[in-house]
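One structure is given here, and the rest of the page talks about it.
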Amino acid sequence: MRIKLNKINTSLYLFLFLFLGTGLQCKKGGGAGKGDAIYMTGADVGSLTVFYASRAANRFAFSASATNLAGQDEEVEFIPRPELVAEYNNLYRASYVALPEGKYTLSKTTGTIKKGELRSENIALTITDPEVTEKGPVYMLPVTVQKKGSGGYPVLEGSKTLYIGIAKATEGSVVELTGLGAHISPLQPLKAINPKLENLSQVTLEGRVKIFDMSGFLPTIFGAEEAYIIRIESLNRDDYPFTVAGSPAKTPTLTKFSASTNVWYHVAAVFDAKAGSLRLYVNGKLQAVSDVGPNATVNISRDNWKGFHIGAYDASGDRPILAQFSEVRIWSTARTQSEIATTACVVDPATPGLEAYWRLNEGEGEICHDATGHGHTARIYGSYKWVAGVKCGD
């Protein structure tokens with residue numbers, strides 16, 4: 001009996017060895033496996049990417065990727081698809097203008113994912129008309145990847161098109177909070193000017209931040225404590241994810257990546273009771289989602305710790321963050337990904353639903369004006385400095 005069991009075990013081990021060995025060989029690029037495919041790089045996590053263009057930076061690079069190491073040379077073709085812009089606008093409540101032919105060039109229209117590799121060479125989209133980067137609306141150029149020839153990996157249908165938005169880059173002053181306890185706060189509570197900010201079924205809180213030190217206790221970016229606040233979740237953690245705290249979300253809303261110092265981020269928290277969700281975007285990409293109840297509301301002007309603040313969670317400057325700030329906004333609408341991604345650098349102050357807008361580009365003094373004209377004037381408390389010539393969109 002012992003001999004028979006050993007023979008069975010030996011056969012089983014041999015089978016598993018051959019099976020796993022075959023699988024491992026396939027993963028190294030031995031051939032197309034189930035699910036292996038080609039897609040536009042980045043389109044697997046979000047079809048929209050925004051390129052902030054200027055005269056000095058008028059080039060955007062894109063490529064194709066494979067889900068597994070290519071088992072053979074995979075030749076692909078890149079096709080501009082301006083006719084898809086109208087469909088995108090209808091689907092995502094956007095207002096892009098198709099980038100006209102003659103205002104751009106592509107360095108190549110073909111590429112190759114070489115055997116044993118995951119990505120093709122970069123293809124350069126170059127904006128050739130300065131009007132696009134200086135005067136024009138927000139343009140879009142969808143680019144679709146398709147196979148050239150037969151065999152090998154198929155194209156992943158849901159990720160074959162990358163929608164490239166082209167927005168204007170900006171340059172100006174930003175404020176930097178340089179000492180512990182420094183913060184920016186409205187001179188009056190938000191509700192004193194607009195009572196509806198106490199009870200919002202939709203709210204978007206967004207702004208740009210470049211962090212220099214986030215080693216303190218729950219460093220605050222901006223918001224109203226115990227109501228709706230974006231901060232760094234540093235408590236009992238080795239990493240530094242962005243999170244939305246104090247909101248009526250049923251589950252935590254944390255990014256899966258750790259924030260870094262000396263990097264500009266655009267962060268946006270979108271609360272939408274009608275949709276039943278709270279979405280956290282970083283640099284125009286969706287990074288976290290949590291559920292909210294259909295009757296939930298947000299009080300962005302909550303009195304706890306004296307309301308809304310930038311760079312700290314209360315009027316005393318507690319839970320500070322040493323950072324630069326610009327383009328901080330409060331909306332009474334649930335902004336879409338397209339709206340967030342294309343207006344990170346600047347937005348029309350008259351846009352419906354924009355309740356407060358601190359551009360933080362005054363360049364001098366301690367007063368920060370509300371660009372909407374609604375009167376939510378803010379003041380800088382503690383040590384700070386103005387930094388000129390900062391580019392948005394690099």
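The values are calculated or read from the model by the stated rules, or taken from the named source; none is laboratory data. Since we're looking at a predicted model, the values are computed, not measured. Here Cβ is always computed from backbone atoms with ideal geometry, including for glycine, and neighbour counts include all displayed protein chains. For the accessible areas, the whole protein counts, side chains as well, though only heavy atoms, and no ligand, DNA or RNA atoms are used. Shrake-Rupley method; radii C 1.70, N 1.55, O 1.52, S 1.80 Å.
Among residues of the stretch 238-264 that are at negative phi and small (Gly, Ala, Ser), those with a Cβ under 6 angstrom from a residue that is open to solvent by 50 Å² or more (accessible area, probe 1.4 Å) and modelled with pLDDT of 90 or more, sequence gap 6+ or separate chain, pair up as 258/240; 259/240. Got at least one residue in the stretch 183-206 being in contact (Cβ under 8 Å) with a residue 24 or more places away in the chain and on the phi > 0 side of the Ramachandran plot? No, there is no match, as no residue in the stretch 183-206 is in contact (Cβ under 8 Å) with a residue 24 or more places away in the chain and on the phi > 0 side of the Ramachandran plot.
The set of residues from the stretch 185-221 being farther than 19 Å from residue 373 by Cβ, in contact with a Lys or Arg (Cβ under 9 Å, 6 or more places away or on another chain) and among the hydrophobic types (A, V, I, L, M, F, W, C) comprises 205, 217, 218, 221. Checked against (1) touching a residue at least 60 places away in the same chain (Cβ under 8 Å); (2) surrounded by 16 or more Cβ atoms within 10 Å (Cβ to Cβ); (3) not hydrophobic (A, V, I, L, M, F, W, C), residue 233 passes all but a single condition, namely (1). For the stretch 86-125, a tally of residues being touching a residue at least 60 places away in the same chain (Cβ under 8 Å) and aliphatic (A, V, I, L, M) returns 6. In the stretch 133-153, which residues are open to solvent by 20 Å² or more (accessible area, probe 1.4 Å), over 20 Å from residue 171 (Cβ atoms) and either in contact with an Asp or Glu (Cβ under 7 Å, 6 or more places away or on another chain) or assigned to a loop (DSSP other than H, G, I, E, B) (or both)? The answer is 146, 148, 149, 150, 151, 152. Among the conditions (1) surrounded by 20 or more Cβ atoms within 10 Å (Cβ to Cβ); (2) in a strand (DSSP E or B), the only one that residue 385 does not satisfy is (1).
Could you please find all residues in the stretch 268-286 being open to solvent by 10 Å² or more (accessible area, probe 1.4 Å), more than 24 Å from residue 234 (Cβ to Cβ) and of a type outside the set (Ser, Thr, Tyr)?
272, 274, 275, 276
Criterion applied to 378, 356 was being touching a helix residue (DSSP H, G or I) at 6+ places or on another chain (Cβ under 9 Å), modelled with pLDDT of 95 or more, farther than 25 Å from residue 133 by Cα and buried (at least 19 other Cβ atoms within 10 Å of the Cβ), and the one residue passing it is 356. Scanning the stretch 318-345 for residues that are open to solvent by less than 10 Å² (accessible area, probe 1.4 Å), under 23 Å from residue 233 (Cβ atoms) and assigned to a helix (DSSP H, G or I) returns a single hit, 340. Would you check if residue 159 is more than 22 Å from the chain's Cα centre (by Cα) and modelled with pLDDT of 95 or more? The answer is no for residue 159.
The criterion of at least 2 residues that are modelled with pLDDT of 90 or more and in contact with a Ser or Thr (Cβ under 7 Å, 6 or more places away or on another chain) is met by the following strands (runs of 3 or more DSSP E) wholly inside the stretch 37-132: 38-40, 59-62, 64-66, 74-80, 104-106, 110-113, 123-127. Residues in the stretch 287-304 that are surrounded by fewer than 20 Cβ atoms within 10 Å (Cβ to Cβ), of a type in the set (A, V, I, L, M, F, W, C) and outside any loop (DSSP other than H, G, I, E, B): 289 only.
Can you tell me which residue within the stretch 279-306, out of those that are in contact with a helix residue (DSSP H, G or I) (Cβ under 6 Å, 6 or more places away or on another chain) and either under 17 Å from residue 48 (Cα atoms) or not β-branched (Val, Ile, Thr) (or both), is modelled with the lowest pLDDT? So, considering only residues that are in contact with a helix residue (DSSP H, G or I) (Cβ under 6 Å, 6 or more places away or on another chain) and either under 17 Å from residue 48 (Cα atoms) or not β-branched (Val, Ile, Thr) (or both), the one modelled with the lowest pLDDT is 301. Residues that are touching a residue at least 60 places away in the same chain (Cβ under 8 Å) and of a type in the set (Ser, Thr, Tyr) within the stretch 367-394 comprise 377, 381, 383, 384, listed in sequence order. Just one of the listed residues (143, 175) is in contact with a Phe, Trp or Tyr (Cβ under 8 Å, 6 or more places away or on another chain) and farther than 30 Å from residue 302 by Cβ, and it is 143.
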